[in-house]
1. Which of the numbered conditions does Tyr440 fail, given that it passes all the others? Conditions: (1) of a type outside the set (D, E, K, R); (2) touching a His at 6+ places or on another chain (Cβ under 9 Å); (3) assigned to a loop (DSSP other than H, G, I, E, B).
2. I need a count of the residues in region 65-113 that are in a helix (DSSP H, G or I), open to solvent by less than 60 Å² (accessible area, probe 1.4 Å), at pLDDT below 80 and not hydrophobic (A, V, I, L, M, F, W, C).
3. With the requirement that a residue be over 30 Å from Arg339 (Cβ atoms) and surrounded by 12 or more Cβ atoms within 10 Å (Cβ to Cβ), what does region 250-276 give you?
4. Within region 144-171, work out how many residues are over 17 Å from Ala224 (Cα atoms), modelled with pLDDT of 55 or more and not aromatic (Phe, Trp, Tyr).
5. In this structure, does Tyr237 turn out to be outside any helix (DSSP H, G or I), open to solvent by 60 Å² or more (accessible area, probe 1.4 Å) and closer than 19 Å to Phe168 by Cα?
6. Identify, from the list Ile486, Ile515, the residue that is open to solvent by less than 10 Å² (accessible area, probe 1.4 Å) and more than 30 Å from Pro332 (Cα to Cα).
7. I'd like to verify a number: residues in region 558-614 that are crowded, with 20+ Cβ neighbours inside 10 Å and of a type in the set (Ser, Thr, Tyr), how many?
8. Go through region 212-249 and report how many residues are over 16 Å from Gly531 (Cβ atoms) and not charged (D, E, K, R).
Amino acid sequence: MLQHFFAATRQFCYLSAYIVLKPLLNTEFPVRMRVTLSSHRCANSGRALSFFLLLSVLLLCDVSRAADSDNDNTTGDQYFTARMGGSLWNTLIDNGVDPTQWRAVFEFNRDYNPAFSRITSANRIPRGVTIYIPLETDSDVPLRRRQRVRPKSSVVLDTVLFFGDQPFLRIKAGRGQSLGSVVRQFCMPGRAGDRRRHANMVRTIVSDVRDIYRRTGEGYSYRAATFHIPLYLAEQYYDSLRSRLKLIETSAGHYVPRERYYPVDENDIRHTAAQGESYADLADRYLAPASQWPKTYAFHNNQKQHLRYLAQQIRHYNMNQPLWPGKVYYLPAYLLDGRYFNSNPPVALRKKTKRKLVYDNGLEILLSHHVTRRKAYYRRRLKYLPPLKRQFENGKPAFPDMIIWHRTGIEPEVEKILREKKRSQFSLNYIYRKAVTNFYIDELGKCFLIVDPDKNPRDHSGNPVDYRCFWNGVSRVSDVSIGIEIEAWFTSELTADQLQTARKLQQVLRSSYIIPDERVLDHKKVATRRGPGGILVRGRKADGLTGSDRAAIGIEPVLDPDVLRGLVSPNLDEIALRRADSTDFWFEVELDDDLLASARRAGWKLSGRFWSAPAPAARAGTGSSFE
């Protein structure tokens, strides 16, 4: 069977070769139908057939290549290809093309791009699709130059005065880079903490730049071709600020006695530090053991944690300075002989259920939105963020000895609309998902426990890596404070129910932890940011209790220790400008009287409409500089 098949195939090949080659060669080629041909003629015929097939393939390739070259001449020199991004507009920006010509680009792809055969709208282009961008259109303006408009990485073009008299870096963004990419390249230090705080630092710097654009009235785009970045936000200024604050903290030459800025109680214990002493040694030497403290005290049954907690109290009372041999330090009188709990009587827990906690003073804390480990993750999504451990920068454990009051900042118009829709507890769900505070008080005065007081609720005061909060020489304010959010706008008055709940909650917390009057603060008191000249400035936040609110719940005025020492600028000029700006959240917000009193005591003087910094001689020994 196979022999007959091969023979028939050979005869077919001979006939095909004869029909095609005879007209070309003009020679006689007799057709032999017998199978018994000589091997010599078969070999010649096979070579002729091979030559014919090879010639046909070459001719077809030339024709196809010519057709492709003709097609390339018609459209190939008129466009370049790109990958579709999030939108056609952003894709054109990333490739240096005028985005206003998106319609012409879309119509060009409808005509020439096979991938657009079923795409009827520019809003429905899938990600990753190859798009054709024409080099020129019917209009006089070319879509794109033949050379790249934007480099691969961002470059500094010049130093200009963009806002006020402060220098700004005029930066040309690289191809496909956004403001966040520019910030990572020029503003981020080499060591910015863990990954989460690194990302938070990028967001905070972007927020500062966006706020500057808003105040200048300039148009802001996250993917603009050029950006203006304040020079004081550059990496080298951050390193300089960090080194200076570290030097003040670790150098004995910058020691400041407490009596220079605060009056010393006559009952305070005055101690001269010796070589090798620690604050824990002072606590163990002068203060009572944990067993002699009330049962409501958080560390009543833990002597080791008790000594650490009292050591932290003594350190903060002495301006958060290390123990230098020969220097004078004070132990606060409220830690002696149970005097603190005489002025802050214990409030015991009367009843505990799955739904609420009830205390002796009548406070009810609801547990419906309590963030626990069981609710840390939901369906493999980061829906409920777990709280953080309280610790200092060196990794040692920290304990809460402060209260920070916040306001949610919901606008009155929005609150009115939500009330008309019979909505309540406007910010509770967001606070619950993000775990950004320990306690929440709604508009009706109900109190909710969000995060246990012994844990840090996601840096509620600000990112310590970028110095978004700073008090008494400590940047990790969230690790030593308990955050309380009150549902209210910055300028609205708190209701009587909210003030009553706030007063009762404060009593409960101060009966469990040692929180003196000078450490019951507002968010606007501790919030800072990096400012011109590589220094820290106040005024980043406007939320917290007003002076009348603090008086209503029994909080005494407190001076700003960092303004007194010259570590932080009060930034009163900028606050005054923002309070007069109707588009700013500082608009008509009450000026903090404690900040004003601290600035006057530190030597700041009002000259006309602006405040002048104190003379360098007035800040001798502080190690700060406002110039």
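1. (3)
2. Total meeting the criteria: 6.
3. Within region 250-276, Ser251, His254 qualify.
4. Within region 144-171, residues that are over 17 Å from Ala224 (Cα atoms), modelled with pLDDT of 55 or more and not aromatic (Phe, Trp, Tyr) number 7.
5. no
6. Within the list Ile486, Ile515, the selection yields Ile486.
7. 2
8. So the answer is 15.
The values are calculated or read from the model by the stated rules, or taken from the named source; none is laboratory data. None of these values were measured; they are calculated from a predicted model. Heads up, the Cβs are rebuilt from the backbone with ideal geometry, glycines too, and the neighbour counts pull from every protein chain shown. Side chains included, ligands, DNA and RNA excluded: accessible areas come from the protein's heavy atoms. Shrake-Rupley method; radii C 1.70, N 1.55, O 1.52, S 1.80 Å.
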